[in-house]
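Reading through the structure tokens given below for one structure.
The values are calculated or read from the model by the stated rules, or taken from the named source; none is laboratory data. Every value quoted in this text rests on a predicted model; they were computed, and no experiment measured them. Please note: Cβ atoms are built from the backbone with ideal geometry, for glycine as well, and neighbour counts cover all protein chains shown.
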Amino acid sequence: MSDCLFCKMVAGEIQPDVVFEDDKVLAFRDINPQAPTHILIIPRQHVPTLNELTDAELGGHILKTAAAIAKQEGLAEDGYRTVFNCNRHGGQDVFHLHLHLLGGRQMTWPPG
Ligand code: 5GP
Ligand code: ZN
């Protein structure tokens, strides 16, 4: 997807602050952090929203990657939040699947 911001990051046309990458995913710091630690984990493959995710193994890998990064960032013990925003009601702005990993402060519930 040549017009997708996150595909441009996967292709190396835009260089985010990468914290982890492998053959399936890329993880980088959010440009507008909503917590002291705010990282996005994306599949290298273009999947627009959670509705189009068919590869369960890829979904599991995204989740396991978030947990590993949380540990690496020192968030595991105090805790953290992971979020997939989907479409309009979910508040999704970038239509390339991404898992938000937020930590470093007390979260509230329910989310706004
Ligand atoms: P969404 O609202 O789609 O769930 O989240 C999109 C996220 O992407 C937002 O938290 C936003 O700050 C982040 N974002 C948008 N553009 C860029 C960018 O160019 N670089 C980085 N690192 N993050 C971005
Ligand atoms: Zn994309």
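Structure notes:
- Enumeration of residues in the range 51-97 that are surrounded by 11 or more Cβ atoms within 10 Å (Cβ to Cβ), away from ligand 1 (no atom under 16 Å from the Cβ) and hydroxyl-bearing (S, T, Y): T65
- Some residue of the range 61-82 being within 16 Å of ligand 2 (Cβ to nearest atom) and either farther than 25 Å from P111 by Cα or polar (S, T, N, Q) (or both): no
- Hits in the range 1-17 - residues which are in a loop (DSSP other than H, G, I, E, B), modelled with pLDDT of 95 or more and either among the hydroxyl-bearing types (S, T, Y) or near ligand 1 (Cβ under 10 Å from one of its atoms) (or both): I14, Q15, P16, D17
- Looking across the range 1-48, the residues that are within 18 Å of N87 (Cβ to Cβ) and touching a helix residue (DSSP H, G or I) at 6+ places or on another chain (Cβ under 6 Å) come down to M1, I42, P43, H46.
- Of all the criteria given as (1) within 16 Å of ligand 2 (Cβ to nearest atom); (2) under 18 Å from M9 (Cβ atoms), the one not satisfied by E52 is (2).
- For the range 18-33, filtered to residues that are outside any strand (DSSP E or B) and near ligand 1 (Cβ under 7 Å from one of its atoms), the residue that is surrounded by the most Cβ atoms within 10 Å (Cβ to Cβ) is D30.
- Residue in the range 63-75 that is more than 19 Å from V18 (Cβ to Cβ), assigned to a loop (DSSP other than H, G, I, E, B) and without any contact (Cβ under 8 Å) to a residue 12 or more places away in the chain present: no
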